[in-house]
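In what follows, a single structure is set out as structure tokens and then discussed.
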Amino acid sequence: MKFTKTLIAASLVLVSADSFAAAFQLSEQNASGLGRAYAGEASIADDASVVARNPALMSLFKEKQISVAGIAVLPDVSLKGTDTNNGMDPSVLNNDSIAPNAIVPAGYFTMPVNDKVSVGFGAFSNFGLATEFNGDYAAGQIAGETEIVTVNLNASVAYKVTEQFSFGIGLNYIYADATIIRKFGASPTPIPASTDAVHLEGDDTGLGLNLGLMYQLDENSRFGFNYRSETDITFEGTFSSELPAALGGTEGASIPGSVEITLPAIAEFSGSHQLDEKLGLHYSVMWTGWSSFDKLEADIGAPIPAFTKEENYSDSMRYAIGSDYQYSENLLLRAGVAFDESPADKNHMSISIPDTDRFWFSFGGNYAIDQHSDFDLGVSVLRGKTQNFTETDKLGQQWSFESKGHAVLVGAQYNYRF
């Protein structure tokens, strides 16, 4: 496991990002779809990245294809303290940026085997999260550092049943790594605020399946559906705490620990319609089964968990509509809007996994370099609504916040056919 962790971390070290789909779900599997807010991802067959969103679409390709993408995530997630119950000035909770910038990479290869069968391979991520607070942050027991990294290695096959209908199936090998650090924070005790109250690191692998369907209504209209199964992950690693044993700590010693989570199932329905020679219309509806994520809890073999945080998520929806316009022989322009519904329970809001409903405003394009290669650029501006909530730590201290979450995503992708 240690070798696997090192190998994957070396090749895709930048995959961790503050998530900007619902909760810690990532939409950023390619840059071609970014320009239309990922509308039509299960029905449009732009390039080899269909491996991630609907493998049935591989049956439309007549040549081998390679796609390599990178998307920069530039978040702006801020907190403003509004109240405390311990007499502290709420302004000590103010933080202008709790989410670091990151890059989400992806790579794909597709190949037709014959007139009926196509195969494809991909490396991408569906989930990721990173939030960081200063070591002496007052509300350290609910802040600290939270990071979840996942890498999805996929092998898929598509079969063309008729000229109108194809299906595809994929096997997903998922590597996941998590770090949870919580500080003791400000308190009436002499214990320094920067003392580690919880330090848990672990990793795991899991297997999942995805199934895709494609139906070509006529030469101008296509529909697609993709389903991705949920995956159980148990982050096995080490737990430590600098607190004394009397307060439930390990006095800095490391002991075995684990965190169990379920990465949720995802289902997406899309439609794509060519309205005339230049203009196309695309749309998607995506469901994510976030109700499987009810809590974040660290188990160290004791009767009481070393760390627990109720999440109580609900299933969420995402809606997107976009278009593309063939401006010239070499240049295709794209635009789109989307709405991401947050799965977070308003009674269990968290500054460690900040989330809110958000709107996407996207634009981009594709430039054909020659008959074999082309290049995609995409930009999305995400605007989240302001949230007000209160969290309570283990000492009974209540911390009230106003949070704002916005982001800019900038992506580039190169595609080659041979």
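The values are calculated or read from the model by the stated rules, or taken from the named source; none is laboratory data. Keep in mind that what you see is a predicted model, and the values were worked out from it rather than measured. Cβ atoms come from the backbone with ideal geometry, glycine included; neighbour counts cover every protein chain shown. For the accessible areas, the whole protein counts, side chains as well, though only heavy atoms, and no ligand, DNA or RNA atoms are used. Shrake-Rupley method; radii C 1.70, N 1.55, O 1.52, S 1.80 Å.
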Setting aside same-chain residues fewer than 8 positions from residue 278, which aspartates and glutamates have a Cα under 16 Å from its Cα? 46, 219, 324, 329
Would you check the accessible area of residue 103, probe 1.4 Å, heavy atoms only, in square angstrom rounded to 10? 80
Return the carbon/sulfur percentage of the accessible area of the chain, one whole number, probe 1.4 Å, all protein chains in place. 58
Phi-based couplings in Hz for segment 107-120 (Karplus 6.51, -1.76, 1.60; Gly and Pro marked x): x, 9, 9, 10, 8, x, 7, 7, 5, 10, 10, 10, 10, x
Qualifying lysines (Cα of each under 26 Å from Cα of residue 160; at least 8 residues distant if same chain): 62, 64, 116
If r is the Cβ-Cβ distance from residue 251 to residue 373 and R0 is 51 Å, what FRET efficiency results, to the nearest 0.05? 0.30
Taking amide H positions as placed in the peptide plane 1.01 Å from N, state which residues far from residue 139 in sequence (5 or more) or on other chains have amide H under 5 Å from it. 186
More than 37 angstrom apart: percent of Cα pairs within segment 14-417: 26
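Give me the Kirkwood hydrodynamic radius of segment 151-253, using the inverse of the mean 1/r over all pairs of distinct Cα atoms, in Å to one decimal.
Numbers: mean 1/r = 0.0563 Å⁻¹.
It works out to 17.7 Å.
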What are the ³J(HN,Hα) values, in whole Hz, obtained from phi via the Karplus relation 6.51 cos²θ - 1.76 cosθ + 1.60 with θ = phi - 60°, for each residue of segment 147-154 in sequence order, with x given for Gly and Pro? 9, 10, 10, 10, 10, 10, 9, 10
Any lysines with Cα under 26 Å of the residue 295 Cα? List them, leaving off those in the same chain fewer than 8 positions away. 5, 80, 183, 309, 346, 385, 394, 404
Calculate how large, on average over all directions, the projected area of the Cα convex hull of segment 245-293 is; give the answer in nm² to one decimal. 7.3
With -39,500 (n - 2.57) per DSSP H segment of 4 or more residues and division by the full residue count of the chain, the 222 nm estimate, nearest 500 deg cm²/dmol, is -1000 deg cm²/dmol
Between residue 236 and residue 406, what length in nm is gained on full extension when 0.36 nm per residue of separation is reduced by their alpha carbon distance? 57.9 nm
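Using the C-alpha gyration tensor of segment 258-340, what are the square roots of 5 times its eigenvalues, in whole angstrom, with the largest one first?
44, 12, 9
Whole number please: convex hull volume per residue of the Cα set in segment 198-297, in Å³?
Value for segment 198-297: 129 Å³ per residue.
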Residues with amide H under 5 Å from that of residue 98, placed H, sequence gap 5 or more: 77
Charge-dipole axis of segment 14-417 as Lys and Arg at +1 and Asp and Glu at -1 on Cβ define it, positive-most pick from 90, 264, 367: 367
How far, in degrees from 0 to 90, does helix 2-11 lean away from the longest principal axis of the Cα atoms of the chain, to the nearest 10? 60
Separation of segment 79-147 and segment 359-379 by C-alpha centroid, Å? 26
Ratio of the Cα radius of gyration of segment 270-418 to 2.2 N^0.38 Å, where N counts its residues: 1.45
Gain upon complete extension [residue 339, residue 86; 0.36 nm per residue less C-alpha separation]: 87.3 nm
At a probe radius of 1.4 Å, what is the per-residue accessible area of residue 402, in Å² to the nearest 10? 50
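For 92, 119, what's the largest-to-smallest order of accessible area, 1.4 Å probe? Mind showing how you got there, number by number?
Numbers: 92 60, 119 30 Å².
Reading off the accessible areas and sorting them downward yields 92, 119.
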Treating only the Cβ atoms of Lys and Arg (+1) and Asp and Glu (-1) as charged, compute the dipole magnitude of the chain about its Cα centre; round to the nearest 20 debye. 620
Positive-pole candidate from 106, 161, 286, dipole of the chain, charges at beta carbon: 161
